[in-house]
Amino acid sequence: MTRSGLTRQNVRHAASLLWQGRNPAARVYDSIGTEFFLALDEGWLNLGLWEGDGTDPSEAPRAVRRLVSTLAEPLPRGGVVLDVGNGLAAQDPLIAEVAQPKRLVALNITESQLRAGRGRLAEAHALAVNGDATRIPLRDQSVDGVISVEAAFHFPSRARFFSEAFRVLRPGGVLSMSDVPVTRLPRRPGELLAGLTQLRAWGLSTAAVATAGQIVDAVTTAGFREVSERLVGERVIAPALAFVRRRLDIGRDEAPMAMRLASRAMLSQVELLWRRGLLDYLLLTAIKPKSAG
Ligand SMILES: C[S@@+](CC[C@H](N)C(=O)[O-])C[C@H]1O[C@@H](n2cnc3c(N)ncnc32)[C@H](O)[C@@H]1O
């Protein structure tokens, strides 16, 4: 811990704005740690699927769970389920409850999150695997369902993730995921600055920038069929921004001053991107066909 109250991981994260380095996603989540003061609920890192407009903070714990149960619902029951990018594992007991898998495997590139989530992974009877979504260390056709909650924009290549998900799924297997697509590219300097800073701050490459149509095309190119997609930014991004804005305005000493200032600057940028219509939130389900062709 430095004198400013920041951890060494926070400082490394700040430095990565200038120099990205290897494994940028793990750097970001090492920095965020286990007690992220802006999380909607303890251990949960998703933005939630809201019914309200985000001004009632008591809805936040329900919203994060609603998002995960909505994504887990299409998974086949009683099979092997792979959760890709499982965060702090808060979602895994819920995925296990909904899909009743005979085996749940949680794959995450951030080892510290798998360690921190050990108790929740045990509760979900899940096997933790430290690895990359674009090189899934599982055998061909060994999985019945792949779920990925709000993580695919981090993967070095969505196309490679989809082809890996397709490879490990058995015929008839299901992919269910959420993602953050762009709706258009920045046109003004403020939009460009906000977009580039957000990419850097979240350890993302420009490969993360894709429209919902491009994401659907990549899923189809990997071989998936029966792709169904839903854009729900109004129920995810808008209320999550309202929640975080309120938390930052009300919360005084929950985080070091430097972190609160950085969070305010980041929030203003995401608010701008959302207000100007550059972002959305995608729910997507697709099936690996039972037979080729
Ligand atoms: C925004 S967090 C979402 C976490 C969790 N799904 C949730 O919603 O609470 C993104 C997660 O993806 C993981 N991740 C990022 N890149 C990855 C990769 N290439 N392979 C596997 N996991 C990755 C991160 O470590 C992190 O756990």
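Throughout, read-outs are computed from the coordinates displayed, never taken from laboratory work. Note that the structure is a prediction, hence the values are computed from the model and not measured. All Cβ positions, glycine included, derive from the backbone under ideal geometry; neighbour counts span all protein chains shown.
The table below lists the values:
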read-out: Average projection area in nm² (convex hull over Cα atoms of the chain, one quarter of hull surface); value: 14.4
read-out: The chain - mean residue ellipticity at 222 nm from DSSP helices (-39,500 (n - 2.57) per run, n ≥ 4, rounded to 500); value: -12500 deg cm²/dmol
read-out: Footprinting exposure proxy for 65, 170, 139 (fewest neighbouring C-beta atoms within 10 Å first); value: 139, 170, 65
read-out: Sorted by Cβ density within 10 Å, fewest first, the residues 174, 149, 81; value: 174, 149, 81
read-out: Region 8-287 - share of DSSP beta bridges that are antiparallel (%, nearest 5); value: 40
read-out: In region 67-114, trypsin sites (Lys or Arg not before Pro) in a DSSP loop with at most 15 other beta-carbon atoms within 10 Å; value: 77, 102
read-out: Exposure proxy ranking, count of Cβ atoms within 10 Å, fewest first, for 250, 109, 147; value: 250, 109, 147
read-out: Under the span-like rule (Cα at least 20 Å along the axis, Kyte-Doolittle mean at least -0.5), DSSP H helices of the chain; value: 233-250, 257-275
read-out: Trypsin sites (Lys or Arg not before Pro) within region 180-264, DSSP loop, no more than 11 other Cβ atoms inside 10 Å; value: 184, 187, 252
